[in-house]
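What follows is a single structure, written as structure tokens, with notes after it.
The values are calculated or read from the model by the stated rules, or taken from the named source; none is laboratory data. Fair warning: this is a prediction, and the values are worked out from it, not measured in the lab. Heads up, the Cβs are rebuilt from the backbone with ideal geometry, glycines too, and the neighbour counts pull from every protein chain shown. Please note that ligands, DNA and RNA were not included when accessible areas were found on the heavy atoms of the full protein model with its side chains. Shrake-Rupley method; radii C 1.70, N 1.55, O 1.52, S 1.80 Å.
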Amino acid sequence: MSTAAIDSAGVRTGPDALVRSLVFMGMALAVISSLGAPLVPQIAGAYHVSLSQAQWSLTITLLTGTVATPVLGRLGDGPHRRSATLVAVAASALGCALAALPLGFGVLLVGRALQGAGIGVIPLAITTARDALSPERGRRTVAMLSITTAAGVGLGYPLTGLIAQGIGLRAAFWFGAVISAVSFVVGLRVLPRSGHLRRRPLDLPGACLLGSGLTGLMLVLSEGGTWGWASGRLLGLLGLSVVLLAAWAVHELRCAHPLIDLRVARYRSVMVANLVIAVLGVAMYLLMSLVTRLAQTPVHTGYGFGASVAVTGLALLPFSATSVVASRAEHQLSRRLSPRTVLALSCLICLGALVFFTLAHSALWQLFVAMGMAGLGVGCGFAVIPQLIVLAVPATETGSAMSFNQVLRCVGYTVGSALSATVLQSHTAAGQLLPTAGGYSAAGLVGVLSAAAAVLIALVFSPRLRPAAVAETG
């Protein structure tokens with residue numbers, strides 16, 4: 001492995017510059033992907049649409065990101081890695097600019113869809129770090145990159161909330177356009193060439209099957225509360241999605257050059273990493289959804305805090321800060337403890353955060369504490385999970401394997417968001433707009449069960465590796 005990279009201009013770039021650039025790009029695009037969530041009420045008001053319609057400004061980004069990520073991941077394992085990364089960043093910049101222009105709600109949705117391409121940049125960055133850096137430096141960088149999606153959301157909520165509240169809705173999207181444009185320039189300058197890598201055919205049938213199946217599944221999870229969980233339309237779409245995903249799995253196992261090598265996904269450490277990231281994603285996003293909604297609930301309900309968008313965003317800042325701290329601590333823990341122990345410990349901390357929220361959410365400071373605890377668990381867990389994958393898969397499969405892990409993370413996020421909405425709706429009386437206080441405890445309990453499942457998976461199924469095994473993997 002090289003300890004330096006050659007950029008497109010032929011300038012020799014040191015590893016420090018490459019690491020800083022990859023982390024900046026990952027964090028910037030994670031912030032952009034979170035732009036829709038705190039702005040949904042303002043989007044509904046500005047474009048005169050219902051809240052459920054405005055929610056599509058968040059859903060459509062997850063949809064396109066889920067579909068684009070595996071394609072970008074496979075391109076990342078070949079000679080087009082640099083180009084694929086730059087195209088994804090450019091699409092995100094264009095999407096932000098479109099969303100910022102006063103051209104109507106339809107154009108806003110197109111812009112948000114383009115921003116979803118940025119979700120696939122993290123697997124590409126991880127593959128770049130593994131190839132271009134020394135083993136030890138690469139391991140630390142992979143851990144940092146993995147938590148940027150979580151830290152970026154915690155940072156993006158308060159940033160966009162403050163900008164939208166102080167300057168206006170469109171200013172938040174112009175902010176996204178600026179930082180994504182800066183990311184493009186940075187990538188153009190420092191991303192190493194990958195033309196020396198073996199060219200492999202892109203599995204277009206596999207991409208279509210996976211994209212169609214995942215799109216249907218994400219629509220089921222996102223629209224279940226609106227359509228009705230027992231409606232014929234929803235059940236029909238769910239059945240079709242399952243058939244498409246089953247057909248995709250059969251195709252991938254028979255394909256000479258699969259989009260995602262499912263044989264690699266069956267490795268024990270890869271399977272555990274994928275299961276934990278999906279289940280932990282459910283718990284994390286459920287908690288974030290509950291905290292943001294509870295913080296903004298009017299005071300007259302007797303349990304809400306009536307917080308502004310900016311204050312609500314600040315409630316998630318501890319999550320971002322502690323996740324970064326925990327990712328650095330993971331490096332030391334992995335030298336002393338087995339990956340199985342580190343992963344179980346991180347899931348246990350997340351479980352503690354959900355238990356704390358379920359039992360104590362009557363004061364605003366308790367929301368800050370719960371998010372800080374969750375950040376510690378997520379930061380440590382998201383840092384060690386990629387190492388389990390990198391440890392098991394060949395270098396030529398890193399991008400594909402990491403992209404599949406990212407897809408499952410997005411699915412987990414969507415499930416968590418849908419679960420929070422469904423449970424709260426079930427505790428909302430007929431004719432009322434807001435749930436009872438007990439709805440938050442019930443939803444918190446669902447999160448507790450999800451986090452407990454992650455602990456169980458980590459303890460029972462994780463491979464028994466020696467403490468230094470992950471640390472030595474680059």
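Data table
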read-out: Single match in 213, 228, 236, 224 (criterion: at pLDDT 85 or above, in contact with a helix residue (DSSP H, G or I) (Cβ under 8 Å, 6 or more places away or on another chain) and of a type in the set (Gly, Ala, Ser)); value: 213
read-out: Answer residue from region 297-310, given it is assigned to a helix (DSSP H, G or I) and without any contact (Cβ under 8 Å) to a residue 60 or more places away in the chain and is most open to solvent (accessible area, probe 1.4 Å) among those; value: 300
read-out: Wholly enclosed helices (runs of 4 or more DSSP H) of region 103-197 bearing at least 1 residues among the basic types (Lys, Arg) and closer than 18 Å to residue 379 by Cα; value: 135-166
read-out: Filter pass, residue 220 being surrounded by fewer than 19 Cβ atoms within 10 Å (Cβ to Cβ) and either without any contact (Cβ under 8 Å) to a residue 24 or more places away in the chain or among the small types (Gly, Ala, Ser) (or both); value: no
read-out: Odd one out for residue 150, checked against (1) of a type outside the set (Phe, Trp, Tyr); (2) modelled with pLDDT of 75 or more; (3) open to solvent by less than 10 Å² (accessible area, probe 1.4 Å); (4) closer than 19 Å to residue 333 by Cβ; value: (2)
read-out: Of residues in region 28-75 being at pLDDT 80 or above and part of a loop (DSSP other than H, G, I, E, B), the one least open to solvent (accessible area, probe 1.4 Å); value: 49
read-out: Sole residue being open to solvent by less than 50 Å² (accessible area, probe 1.4 Å), assigned to a helix (DSSP H, G or I) and within 17 Å of residue 449 (Cβ to Cβ), chosen from 348, 294, 343, 286; value: 286
read-out: Flag if residue 334 is over 20 Å from the mean Cα position of the chain (by Cα), small (Gly, Ala, Ser) and not in a helix (DSSP H, G or I); value: no
read-out: Residue count, region 47-63 (criterion: closer than 10 Å to residue 119 by Cα and over 13 Å from the mean Cα position of the chain (by Cα)); value: 0
read-out: Verdict on residue 78 being open to solvent by less than 40 Å² (accessible area, probe 1.4 Å), assigned to a helix (DSSP H, G or I) and either at pLDDT below 85 or not hydrophobic (A, V, I, L, M, F, W, C) (or both); value: no
read-out: Residues of region 407-457 classified as part of a helix (DSSP H, G or I), at pLDDT below 90 and of a type in the set (A, V, I, L, M), total; value: 9
